[in-house]
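Report on the following structure.
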Amino acid sequence: MKSIFLKYKPYYGESLKLAIPVVISQLGHTLVQMSDSIIVGHFAGTVSLAAVSLVNSLFMTPLVIGMGISYGLTPLIAQNNGRGNFKECGLLLSNSLFLNMLSGILLFAGIYFGTMLLIGHLDQSPQVVTEAKPYLLLLSLSLIPLLIFNTFKQFAEGLGFTKQAMLISIWGNLLNICLGVIFVKGLFGVHPMGIKGVGYSTLIDRCVMAIVMAIYVLRSPIFKQYLKSFAIKNIDRLRGIQIMKIGAPVALQYTFEVSAFGGAAILVGVIGLDQQAAHQVAISLAAMTYMMASGISAGAAIKSGNYFGAGHYQNLRLSAISNYHIVLAFMSVTALIFTFGRHLLPWIITSDQAVIDIAAQLLIIAAFFQLFDGAQVVGLGILRGMGDVNIPTIFTFLAYWVVGLPMGYLLGIRLNLGVNGVWYGLTLGLATASVLLFIRFNIISKKHRRDNTIPILAKD
């Protein structure tokens, strides 16, 4: 055990240095939804909390499509920085900003004209649908500033600067919470808005974060050598396609996973109102640990991209395995927290005892799938850094839409295991994804590894 630790020790340090700020920054995205759930659950009631669950299940797919496209920038920045090609980094940023703004507008239009019509035909409670519609509209509009923020965030992180986005996310979440309480409850002379209040607070928060992150990147002397080629005139088809070749498959990867969980929320909504609210409580908590694991994944993607771009394949493999170690250790801790805190944690979001009792059962299942969830998201990040995105996309489709969601329907609805059965199916999907992605990484990394004189941080 000691020899394994010493072997990977240099990589643990460099991985954690990158990952910890990204973990906190990624957690910020989830805390927006978590804080919305907490505020609504305590100040607006169970019907409104169920509406938040329904909206999140519909909104998450467009969200991860946009986020996935923006993630296409990071490995390209990391690879070109590894090669010392600073001019290309600025050209890529110009094209990524254009693509992300366009994506935000198109996704907003898709939600407005598509999902707003679909929401009334999903066999959900009419009360829930009525509450959900205005919240969904405001949340979808916030996609545009969120993707602008993410453009500059992914650029900075691709160059190894991760702390600034973390700080902006922290302050942005504090702003979101304060405004959310004021708008929902109606403080300081503001008329109580109910669920719409958290929609407005999220929109304002994301606009502020986009402006601050853009100012930081464009005015900081750290990025001056990279931004010499940053200009609207440098938007071109070739680099747009280059970004989309990574971004589009990554968007599909996240879409297959998140849409499966969104589909699960709709299945649970058919079972009952309390079960739907409990699903929202448990999935909000599980999403926090997932997003923190995705921060480790983002750090892994950056280092994999650096080493891949420089041709240091041995370092790449050792760094990647160190990230597997880190995420498995982290998710083991969160599994224990879910297990022993299963009756206390749901109370953070709701005081409805019936909802808390169901959510406590779901957290036991969530504790079990933590390791699988962490392993699959880190596997995706490592492969993304290496530019390998097409085969992993097929894996995610198989895992969630051929295994996970169908098994959730079979166990939960057909075999009458209820919400627990739906979650058993999701666990099988995560397990399938984690195994397939690790096998893929093992094959690709061994294929690229070379016996040469390139220096490594630790002996193999």
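Mind ordering 298-311, 232-245 by average Cβ neighbours within 10 Å, highest first? Could the numbers behind the result be given before it?
On the way: 298-311: 25.6, 232-245: 14.1.
Ranked from most to least packed, the peptides come out as 298-311, 232-245.
To the nearest 20 debye, what charge dipole does the chain have about its Cα centre, counting +1 at the Cβ of each Lys and Arg and -1 at the Cβ of each Asp and Glu? Could you put the intermediate results ahead of the total?
On the way: 30 positive and 16 negative charges, 367 e Å.
Value, rounded to 20: 1760 debye.
The share of C-alpha pairs in region 243-370 whose separation exceeds 22 Å stands at 49 percent. Between Arg83 and Leu415, what is the FRET efficiency for a Förster distance of 56 Å, r being their Cβ-Cβ separation, to the nearest 0.05? According to the calculation, E is roughly 0.55.
How big, on average over all directions, is the shadow cast by the Cα convex hull of region 137-273, in nm²?
Values: hull surface 46.2 nm².
So the Cα hull casts an average projection of 11.5 nm².
Starting from the eigenvalues of the Cα gyration tensor, five times each then square-rooted, give me the equivalent ellipsoid semi-axes of region 310-362, largest first, whole Å. Let's see the in-between values first.
Details: eigenvalues 312, 19, 10 Å².
Ellipsoid semi-axes (Å, largest first): 39, 10, 7.
Cross-link check: pairs Lys7/Lys245; Lys196/Lys303; Lys224/Lys245; Lys17/Lys87; Lys245/Lys447; Lys163/Lys447 evaluated at a Cα-Cα cut-off of 31 Å; pairs beyond the cut-off: Lys7/Lys245; Lys196/Lys303; Lys163/Lys447.
Using the Kirkwood radius over C-alpha pairs as Rh, can you work out the diffusion coefficient of the chain via Stokes-Einstein at 37 °C, viscosity 0.692 mPa s, in µm² per second? Translational D for this selection: 147 µm²/s. Listed by number, the DSSP H helices of the chain that run 15 Å or longer by alpha-carbon position along their axis and have mean Kyte hydropathy of at least 0.0 are 2-43, 46-71, 86-110, 126-141, 143-158, 163-185, 195-219, 237-271, 273-310, 313-340, 353-385, 418-448.
Taken over region 126-178, the convex hull of the Cα atoms encloses 86 Å³ per residue.
Can you give me the % of accessible surface on the chain that is carbon or sulfur? Probe 1.4 Å, all protein chains present, nothing else counted.
Values: 12700 of 18310 Å².
Reported share for carbon and sulfur atoms: 69 percent.
What number comes out for the charge environment of Ala19, summing +1 per Lys or Arg and -1 per Asp or Glu over other residues with Cβ under 13 Å away? The partial results should precede the final answer.
Details: positive: Lys17, Lys163, Lys303; negative: Glu14, Glu157.
The answer is +1.
Relative intensity of region 333-392 on a log10 scale, I(q)/I(0) at q = 0.17, 0.20, 0.21 Å⁻¹, equals -0.63, -0.72, -0.75, per a Debye sum over C-alpha point scatterers of equal strength in the absence of solvent.
The values are calculated or read from the model by the stated rules, or taken from the named source; none is laboratory data. Just so we're clear, the structure is a prediction, and the values are computed from it rather than from any experiment. No Cβ is skipped: glycine too gets one built from the backbone with ideal geometry, and neighbour counts run over all protein chains shown. Accessible surface is based on the protein model in full, side chains and every heavy atom, while ligands, DNA and RNA are left aside. Shrake-Rupley method; radii C 1.70, N 1.55, O 1.52, S 1.80 Å.
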